[in-house]
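Let me begin by presenting the structure, written as structure tokens, before commenting on it.
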Amino acid sequence: MDGVPTPLRCFNEYNSAEMLVDDGVETVTSVEQKKVERSIKEVVSVYKQMHSLPQPTLLREQHYQYLKKGLRHLSDAYECLDASRPWLCFWILHSLELLEEPIPAAVASDVCQFLSRCQSPRGGFSGGPGQHAHLAPTYAAVNALCIIGTEESYNIIDRKKLLDFLLSVKQPNGSFVMHVGGEVDVRSAYCAASVATLTNILTPKLFEDTATWILSCQNWEGGLSGVPGLEAHGGYTFCGTAALVILGKEHMLDLKALLRWVVSRQMRFEGGFQGRSNKLVDGCYSFWQAGLLPLLHRALFKEGESELSRQRWMFEQQALQEYILLCCQNPGGGLVDKPGKSRDFYHTCYCLSGLSIAQHFGNMDLHHEMILGEEENRLAPTHPVYNICPEKVSKALQHFHRLPLPDDSRQPGPPAPDHLQS
Ligand code: FPP
Ligand code: ZN
């Protein structure tokens with residue numbers, strides 16, 4: 001640990017030379033990009049006027065109050081997330097663990113009971129009680145239960161049925177549909193691999209051909225798309241890469257092309273990341289994109305690329321912290337995509353997760369920190385594969401590895417409709 005607070009990246013690095021030059025050709029994209037750059041310039045200039053010491057502060061207490069309230073009460077604005085309720089549990093609980101705020105036992109137990117009502121009688125979790133099981137809320141529910149990390153939370157997961165559910169969404173070409181009769185994309189492979197490892201139900205048959213399918217999503221840009229042949233995107237690139245790490249096949253990616261793609265997604269003026277080429281900065285990519293760097297760092301190190309992997313995480317960690325702390329904090333608590341946007345629990349979770357990634361870096365045994373601002377800005381580290389705190393990963397693995405592997409003799413589910421096959 002370095003222990004010395006890192007001074008702010010000079011504000012004059014937010015200089016006009018880094019702003020977009022459109023060579024006199026305006027497009028919808030260039031106009032939007034310039035608008036965002038102007039809004040960031042304004043935020044920084046107001047900040048400089050109000051603070052003599054340029055040390056941006058994490059608004060811990062405000063975020064804590066916002067999150068605590070969200071666990072008990074959600075405004076009408078969340079009605080559209082009625083099919084994503086386990087996600088809300090995960091986003092809030094993970095944000096709280098990053099802030100090192102304990103979850104009171106009674107609240108934890110209520111969350112467990114709620115998630116148990118989201119578990120489908122046929123295995124897996126759905127977006128809300130009485131809905132159909134889906135891989136995304138299944139991932140969120142398992143992560144939330146592992147964050148709680150009690151006997152009560154672990155015992156809620158019906159592992160045998162969870163394996164049945166995963167087998168029911170597995171496709172003959174190695175991919176997974178998100179739900180029975182649903183769409184294929186690389187998120188599903190990650191959700192399945194993540195829950196299967198954490199709960200110790202990963203069988204070789206379950207992931208037969210999955211790595212080959214994920215590898216076919218890496219395109220000429222270097223990143224991964226949702227399905228083979230589309231545009232590379234940070235969300236899908238994270239999912240595909242993390243799934244390959246779980247399956248021990250990440251070395252089969254073109255790691256250098258992926259590295260080039262992801263580092264090019266950090267915006268030169270804003271300091272945050274965009275999700276795909278020529279799009280706008282967004283706080284949530286602080287995790288989806290920057291979270292790839294620890295995965296790549298480790299993969300390159302294993303490949304003997306010691307020169308590359310010596311370069312810490314290989315992105316501008318300070319610039320990212322500045323973007324999150326200066327441009328993504330709502331003064332009343334909660335974090336946002338970019339200045340002018342409303343706060344929500346998704347952006348709160350992924351801005352904080354990205355901030356944690358940017359603060360902590362390590363090379364195998366070495367663990368260093370680079371905290372922008374005061375020590376109070378320090379978040380707990382997050383596990384770059386599962387995005388829950390590393391102790392919670394170890395505790396879950398230890399718990400579930402004492403239990404026997406359920407039988408996987410059930411046949412994989414029916415193929416996806418033709419247009420969804422790669
Ligand atoms: C583009 O949105 C977003 C996507 C195409 C999907 C992103 C995928 C994730 C964030 C990963 C989800 C992960 C799990 C585990 C389920 P947009 O066009 O609004 O945004 P953009 O302009 O930034 O590309
Ligand atoms: Zn976003």
Requested in this report: Kindly indicate whether any position in region 261-270 is among the aliphatic types (A, V, I, L, M), at pLDDT 95 or above and away from ligand 2 (no atom under 16 Å from the Cβ).
Outcome: yes
Report summary line: The condition from (1) within 16 Å of ligand 1 (Cβ to nearest atom); (2) more than 22 Å from residue 113 (Cα to Cα) that residue 134 misses is numbered (2)
Requested in this report: Look at region 71-90 and say how many of its residues are under 19 Å from residue 107 (Cβ atoms), open to solvent by less than 40 Å² (accessible area, probe 1.4 Å) and at pLDDT below 95.
Outcome: 1
Report summary line: Scanning region 259-293 residue by residue, those more than 16 Å from ligand 1 (Cβ to nearest atom) and touching a Gly at 6+ places or on another chain (Cβ under 8 Å) turn out to be 259, 260
**Report entry** Pick from region 273-314, criterion in a loop (DSSP other than H, G, I, E, B) and within 10 Å of ligand 2 (Cβ to nearest atom), ranking: farthest from residue 40 (Cα to Cα)
**Finding:** 275
Query raised in the report: Considering only residues of region 171-209 that are away from ligand 1 (no atom under 16 Å from the Cβ) and open to solvent by less than 10 Å² (accessible area, probe 1.4 Å), which is modelled with the lowest pLDDT?
Result: 203
**Report entry** Single condition residue 210 does not satisfy, out of (1) under 19 Å from the mean Cα position of the chain (by Cα); (2) more than 16 Å from ligand 2 (Cβ to nearest atom); (3) over 19 Å from residue 257 (Cβ atoms)
**Finding:** (1)
Query - First in region 214-234 and part of a loop (DSSP other than H, G, I, E, B), second anywhere and at pLDDT below 95 and surrounded by fewer than 19 Cβ atoms within 10 Å (Cβ to Cβ), Cβ under 8 Å, 6 or more apart - result: 216/422; 227/420; 227/422; 228/422; 229/422
Query raised in the report: Just wondering, is there one or more residues in region 180-194 that are more than 22 Å from residue 126 (Cβ to Cβ) and without any contact (Cβ under 8 Å) to a residue 24 or more places away in the chain?
Result: no
Query raised in the report: Does at least one position in region 331-345 carry a residue that is aliphatic (A, V, I, L, M) and touching a Gly at 6+ places or on another chain (Cβ under 9 Å)?
Result: yes
Report summary line: Those residues of region 243-278 that are touching a residue at least 60 places away in the same chain (Cβ under 8 Å) and either surrounded by fewer than 24 Cβ atoms within 10 Å (Cβ to Cβ) or at positive phi (or both) come to a total of 6
Query raised in the report: Residue check: is residue 31 at pLDDT below 95, of a type in the set (A, V, I, L, M) and farther than 27 Å from residue 94 by Cβ?
Result: no
Query raised in the report: If you go through region 42-52 one residue at a time, do you hit one that is surrounded by 12 or more Cβ atoms within 10 Å (Cβ to Cβ) and within 24 Å of the chain's Cα centre (by Cα)?
Result: no
Query raised in the report: Is there any pair with a first residue in region 336-348 that is of a type in the set (Val, Ile, Thr) and a second that is more than 9 Å from ligand 2 (Cβ to nearest atom) and open to solvent by 30 Å² or more (accessible area, probe 1.4 Å) whose Cβ atoms are under 7 Å apart and which are 6 or more apart or on different chains, and what are they?
Result: 336/330; 336/342; 336/343
Requested in this report: Please work out which residue is surrounded by the fewest Cβ atoms within 10 Å (Cβ to Cβ), limiting yourself to region 309-324 and to residues that are touching a helix residue (DSSP H, G or I) at 6+ places or on another chain (Cβ under 7 Å) and under 29 Å from residue 15 (Cβ atoms).
Outcome: 314
Query raised in the report: Which one of 333, 340 is away from ligand 1 (no atom under 15 Å from the Cβ), open to solvent by 50 Å² or more (accessible area, probe 1.4 Å) and either at pLDDT 95 or above or part of a strand (DSSP E or B) (or both)?
Result: 340
Report task. Output the helices (runs of 4 or more DSSP H) that fall wholly within region 52-127 and possess 2 or more residues being among the basic types (Lys, Arg) and over 12 Å from residue 144 (Cβ atoms), or say none. Result -> 60-72
Query raised in the report: Has region 98-113 got at least one residue that is within 16 Å of ligand 1 (Cβ to nearest atom), at pLDDT 95 or above, open to solvent by less than 10 Å² (accessible area, probe 1.4 Å) and not aromatic (Phe, Trp, Tyr)?
Result: no
Query raised in the report: So, in region 219-234, of the ones that are buried (at least 21 other Cβ atoms within 10 Å of the Cβ) and among the small types (Gly, Ala, Ser), which residue ends up nearest to ligand 2 (Cβ to nearest atom)?
Result: 234
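The values are calculated or read from the model by the stated rules, or taken from the named source; none is laboratory data. From a predicted model like this one, the values you see are computed outputs, not experimental measurements. Cβ atoms come from the backbone with ideal geometry, glycine included; neighbour counts cover every protein chain shown. Note: areas computed on protein heavy atoms with side chains; ligands, DNA, RNA excluded. Shrake-Rupley method; radii C 1.70, N 1.55, O 1.52, S 1.80 Å.
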